[in-house]
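Take a look at the structure set out below.
No value in this document is a laboratory result; all are computed from the given coordinates. Bear in mind the structure is a predicted one, so any value in this text is a computation, not a measurement. Cβ atoms come from the backbone with ideal geometry, glycine included; neighbour counts cover every protein chain shown.
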Amino acid sequence: MEAQMAFSIEIRNSWLIQTPSSSSSSSSNALSFSRSMLPMAGAAERRRRWRQCAERRPRMNPAMAAAVTERIVRMETEIEKPVKFTVRAAATVRRRRKEDVKGMIANQIDAYSDKIGRNVVLELISTEIDPRTGAPRTSKRAELKGWFEKKDTKAEHAVYTAEFTITSAFGEPGAIAVLNRHHREFYLESIVVEGFGPDPIHFTCSSWVQPTRIHPNKRIFFTNKPYLPSETPPGLRMLREKELRELRGDGTGERKLTDRVYDFATYNDLGNPDKGAECARPLLGGEDKPYPRRMRTGRPPASSDARAESRVEYPVPVYVPRDEAFEEGKEEMLSDGALKALLHNLVPSLVASISSESIDFKGFHEVDNLFKEGIRLKQTLQDQLLQKIPVVSKLFESGEALLRYDNPHILTKDKFAWLRDDEFARQTLAGINPINIERLQAFPPVSQLDPAVYGPPESAIKEEHIAGHLDGMSVQQAIAKNKLYILDYHDIYLPFLDQINAQDGRKAYGTRTIFFLTSLGTLKPVAIELSLPPMGPNCTRAKRVLTPPTDATSNWLWQLAKAHVCSNDAGVHQLVNHWLKTHACIEPFIIAAHRQLSAMHPIYKLLKPHMRYTLEINAIARQILINGDGVIESGFTPGRYCVEMSAAAYRDHWRFDQEGLPADLIRRGMAVEDPTQPHGLRLLIEDYPYATDGLLLWSAIERWVHTYVSACYPSVHHVQADTELQSWYAESIHSGHPDKRHAPWWPRLSSPADVASFLTTLIWLASAQHAALNFGQYPLGGYVPCRPPLMRRLIPIPGDPEFENLTADPHRFFLSALPSLTQATTFMTVIDTLSTHSADEEYLGERPEPDAWTGDAAMVRAAREFAADVRRAEEEMSRRNSDPQRRNRCGAGVLPYELMAPSSTPGITCRGVPNSVTI
Ligand SMILES: [Fe+2]
């Protein structure tokens, strides 16, 4: 009888198929190995016995299957009572490394209350429905043991256990419910249950579990087995839907920091109209100013403008769902950065406010001193600070290091490289912003702006300006040979220039720079055009062309023109390429993913590492970076028009189908289609470090995603029938990018290939593209004369009073056109923090729980292959950096290109590709 019962258990759970004739064999037979015995044996012994069974089991033919079914029915009727057995759960809880007094007391209270019965309890939920109740089978509740005993442990993780008594009718567990009856939330990393079979069952949680006093409902965690919606086991269907309903919320009310609700809102929180009209900013998102959507917080409106959301000022946190908030390691990095920011900003501001002298850099040595001696304060000023500001005593205790800036990479190999034209050009291919350079395909370049408003569309650059720099070629010959390239910021700046230049201390042009591709594969600038909006019908100042210098005066004019180009470039890099196209445009896909894709959805599992921290860093950016009077407005030439420029770029230029690397290279003319080449394209500048290294990572991501998606979706039908996938995509567009929802270019999501292509682009943007645009900010942009984020003076023309100043003291004039001391140090401080990898960074190819993030063993193996691919790409990049033929990344004093090199140590390294937009 025991053997028969065991047989029935195994059959019902599809673990073991055995011939009926063997069912009555002796205890040495495989059938005597029952699940009821498993928990009593050790794990190794259980696995050994299980292997024996599996090896002995024959394949079952249909006739046998029928016989088995018949026998099961018969035996079921024979079983009067289900067998009971014990299984064990081990829950891993991550503890805070640093606790404040309040936290320590709360921990003690929880430990003592646990001892008297206010426990954390677990409940196993079966994949099967109980026919009697119509609900999933559930185990009895079991409390997690050991909280009191481990209350003083200093380890980063604590493991607590629970034991369940299960009946043989239970079936396979598919979910686990957690009820936290403590006073305080805890971070549950994972739960492993042993005893159901040869292998443990993993529940990947990675989530804060709130106490019942805050959230009375049980938290549900599913096993790591992926299921498409249609494949969801019956016992989990309702739970899957319920979870998603909870995550979506009802779109009302103000969110609390403990919530985990994901929803959309417009960017109506950047200004602070309650502080006065000067502090109000336009609403972004809507017909007027299209923009992606952000995470909804539900904060009440501002008192003076019902359309604007009231502000919460940093460091008071803005709502993001609890699990999106930075973990301890990341928080520490930012708070260290914040102290640094405070010191760097506070001191220059005070210097500026107390000093009656000019706040310009008076010579290049003063810029250099920021990296050598730091900012020196007069003794009297020190005393004043010490009296007035409590934090300042701390500042002086550790002051030396904190007040001195790190030497940016750009100065480490050749301090004067930034003055040279070849370096200026090289940075368009291997610098912080290598994605605006385009091939010039028509001459002269033409504007797309309305000629009625902005004058004739043709550029003022004529053949005679550049003919002498084209190695004997005519302009047409050079174009035909793909030798001319352009950095064109005319159209994006011109509509804003009147407003920008009306601001105090902000001056900009719309610049165009033409480059010639030399026979060595490097670029050299051959003309810079500086455009201002026409002031009248015959205005001569509207367009001005400068060419490479021939004497001292033209040399300084040329240096100033290059500084204006860099300032244009810095603005577009920050506002459009970095902030808008990675941070802001990804956010809606992440919000929709949490609302529409269950945690058990295979695509959610694929995307999870690529969504980490993005919502939190974007929330912080809205508080201190892109907000009115925030760091971006203060640091970049467009000033208070920064985000409006970003919105104009979204309206006019952003389209998802061209955000992938190959499509972008072809759009910019940097590559041509060539089916014989990898990716179907051929680069026209062979040594284009961003593109060549980017393609290595693009390929690795593409291969991995293709393998994964093919395994998830065997057919077109599976894609089209996947309700969660389709809802995610539809919502990302209709609710996340609603101002673009009618655009014809949104890719279809009908086949496995469509899904793979879409996901490759998304993962590319979150990882490699963001890293290429983010982590060089301080290393390559921290020396302000090389790359001024803002300019304060236009370039004088002979006859202007300012022209005299330029000729009298060109160094001083040049520096007076750059950011002031306060502006420069504020900017340097912020990009220093933004370029820093935290200690808990997860890089491309890595993910937590590498063997348990999915229950699909084949995909665990494929992920390892992806990681190996990424490592190989890194080795190839390293090889390229020592290849003297690649002059854009190797040569005398030339910096290697490492921004796409996936691995990094913490800190500012000018390399490292995190999985997601984390900073
Ligand atoms: Fe970033």
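Put a plus charge on the Cβ of each Lys and Arg, a minus charge on the Cβ of each Asp and Glu, and nothing anywhere else: the dipole of the chain about its Cα centre is then about 2240 debye. Near residue 665, within a Cβ-to-Cβ distance under 13 Å, what is the net charge of the other residues, with Lys and Arg +1 and Asp and Glu -1? So the environment of residue 665 carries a net charge of -3. May I ask for the distance between the Cα centers of the stretch 94-131 and the stretch 883-912, given as a whole number of Å? The stretch 94-131 and the stretch 883-912 have Cα centres separated by 47 Å. Computed from label points 7 Å out along Cα-Cβ, the spacing between residue 857 and residue 476 is 6.8 nm.
Centre-to-centre separation between the Cα atoms of the stretch 592-667 and those of the stretch 231-277: 19 Å. At full extension, residue 115 and residue 141 could sit 7.7 nm farther apart than now, given 0.36 nm per residue minus the alpha carbon distance. With an 8 Å cut-off on Cα pairs and a minimum separation of 6 or more residues, tell me the relative contact order of the chain in percent. Computed value for the chain: 13 percent relative contact order. Between 650, 912, 477, the Cα set farthest toward the positive side of the dipole of the chain (charges on each charged residue's Cβ, about the Cα centre) is that of 912. Helical content of the chain, expressed as a calculated mean residue ellipticity at 222 nm, amounts to -11500 deg cm²/dmol (DSSP H runs of 4 or more residues, -39,500 (n - 2.57) each, divided by residue number, nearest 500). Computed from Cα positions, the angle between helix 328-354 and the longest principal axis of the chain comes to roughly 20 degrees.
Of the residues 408, 193, 304, the one whose Cα sits farthest toward the positive end of the charge dipole of the chain, with +1 on the Cβ of Lys and Arg and -1 on the Cβ of Asp and Glu, is 193.
Compared with the dominant Cα axis of the chain, that is its longest principal axis, helix 421-430 is turned about 20°. Each of 102, 151, 413 was scored by other Cβ atoms within 10 Å of its Cβ. Listed from fewest to most, they are 102, 413, 151.
Taking a straight Cα-Cα cut-off under 16 Å and skipping sequence neighbours fewer than 8 places away in the same chain, the lysines within cross-link reach of residue 150 are 115. In the neighborhood of residue 88, defined by Cβ-to-Cβ distances under 11 Å, what is the net charge if each Lys or Arg adds +1 and each Asp or Glu adds -1? Residues near residue 88 contribute -1 overall. Checked against a 28 Å cut-off, the cross-linked pairs 372/413; 242/289; 483/562; 102/225; 145/225; 413/524 give Cα-Cα distances beyond that limit for 242/289; 102/225. Between the residues 805, 835, 822, the greatest Cα displacement towards the positive end of the dipole of the stretch 758-863, with unit charges on the Cβ of Lys, Arg, Asp and Glu, is found for 805.
When you restrict to C-alpha pairs under 8 Å that are six or more residues apart and normalise by the size of the stretch 775-841, the relative contact order lands at 51 percent. Helix 642-653 against the longest principal axis of the chain: what's the angle in degrees, Cα atoms only, rounded to the nearest 10? For 642-653 against the chain, the angle is about 70 degrees.
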